[in-house]
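Only the coordinates and a few stated rules stand behind these numbers; no lab work does. Remember, it's a predicted structure, so these values are computed and weren't measured experimentally. Because the Cβ atoms are built from the backbone with ideal geometry, glycine has one as well, and the counts that use them run over all protein chains shown.
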Amino acid sequence: MSLVEALEASAVAPHPLRLRDWRGEVRLGGARPLVAAVREACWPHVQVDPQVALGTGPLWPSVRLHLGLDPLPCPELGEPVVFACSTVRVLRGHRGHVGAWTVVHNPTSGALLARRGDQLMVRPTRPTPPESLTADATSLLRLLTRRRDEAAGARLLHGACVCPTGGDAVLLCGSKGGGKSTLMAALLKAGASYVAGDRTLIRLAVDGDGDGDGARLEVTGFVDPVRLGPLALEHLGLHADVGLALPGKRALSARALCAATGAGGRPKARLQAIIHSAWRPDAPARAQRCRVRDLPELEDFTHRDPTYFDWLQADSPRPAPGPVHDALASLPALALSGAYSLDSATREILAWWGTLT
C-alpha cells in the first residue's frame, strides 16, 4: 500500500471513541493500545462517552484522529520545521505534501503526522511501541484545542493550577526555578485538587456559560508532566528515582502525582486568585498580599514555548491582550519570595485563601 493509499484509508476508517471535555469533542480510531494510551495521557480532563453525538459547533469541527501502529514509508520531505520545543530539547523534523495531505515527520519518535481538513493521522515510520507516539498524538489534540480557544479570546499561561479547598482555583505563576511545581505538590498534599501541572488555559465565561452569576474567569488545564526537585520529592515522601529523569528533577504524570498526594482532579474551575512564587535560598522569606496588577508584567506569565506543530495552523496570529488580560489584572494575588519553607508557605496560602472564599 502506498503512502497516499494509507492516508486515504485512515480517512474512511471507523472512529468509534469520543473524547469530550468542556470545550467539545474529538473522535478517535485506530490501534487500540495507542488509543488507550492517548486516553490515559488526557486524564482527568476528558471523559469517554460512546453514546454522545460528535459536536459540530463553529469552534469545534468534526475532528477525526486516526492512530495507527503499522509502519508507513517515510516520504522525501524537504522543508525543515521546528517540530517541538521544551527547556530540555528542541526537536526538528521535515514537512511536505503528499497529495492533498500536509505531512510532518518527527525523526526522534519516528512518527508521521498528517492533516487534511478536519482529518488528522499519527502513524510510525518504523516498528515502535504505543507510548513512543502518545506525545505526538496528545500534542496534536492540545494544539487543536489551544488554537481554537485562543481564537475565541482565551489565553494560555505558564503556571500550575489547583483548587485549595475543592471550590475555586488559584493559579501558581513565577519564573523557572521559582518553586511553582514544588508549591503545587505541597498544596495537593494539604488537600487541594489538581487542575493543571504547567500550562493553564483561561477564558472569560459570561452569564449563561457558567453559574449564571455574570462574567467570571474559568480555567482548565493541560495535563502535562510535573517536574519536581529533590525538596518536593522528599516533602511528598517519594523515592528519588520516581518518574522520568530530567536534569536535576524528576517528571511525574498527573495521575502519578495525584496518587502520591491523594488529590483528585478537576477538569475546570472558576479562577479566584493568583500566587506568584519567587523562591530564592539567599533572601529572607516574605509574603505580600496585593493584586495581580502589582505583580511583574502579566506577559511574563504567558506561555512562550514555541508552539507544537506550527504546521497545523501556520497562519494563526498570536492573540492580543483583551478582556481576559484585564480581568486577570484585578484578581487578588499573593507574592511569595525568598527562602520560604513549604510548611510555612502552605499555612500562609490557606490563611490568605480563607479571607477570599
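Using R0 = 30 Å, the C-beta based FRET efficiency linking T357 and R293 works out to 0.90. Here the calculated FRET efficiency for L350 and T108, from their Cβ-Cβ distance with R0 = 41 Å, stands at 0.45, rounded to the nearest 0.05. Taking 0.36 nm per residue of separation and subtracting the current Cα-Cα distance, fully stretching the chain between A329 and A151 would add 62.0 nm.
By average Cβ neighbour count within 10 Å, what is the ranking of 341-349, 283-291, 183-191, 29-37 from highest down?
Peptide ranking by packing, descending: 183-191, 29-37, 341-349, 283-291.
If R0 is 45 Å, the Cβ-Cβ spacing of T165 and D282 corresponds to a FRET efficiency of close to 0.85. Modelled label positions at S175 and A36, each set 7 Å beyond Cα in the direction of Cβ, lie 4.6 nm from each other. Ordered by the count of other Cβ atoms within 10 Å of each Cβ, fewest first, E8, E218, E76, E234 give E76, E234, E8, E218.
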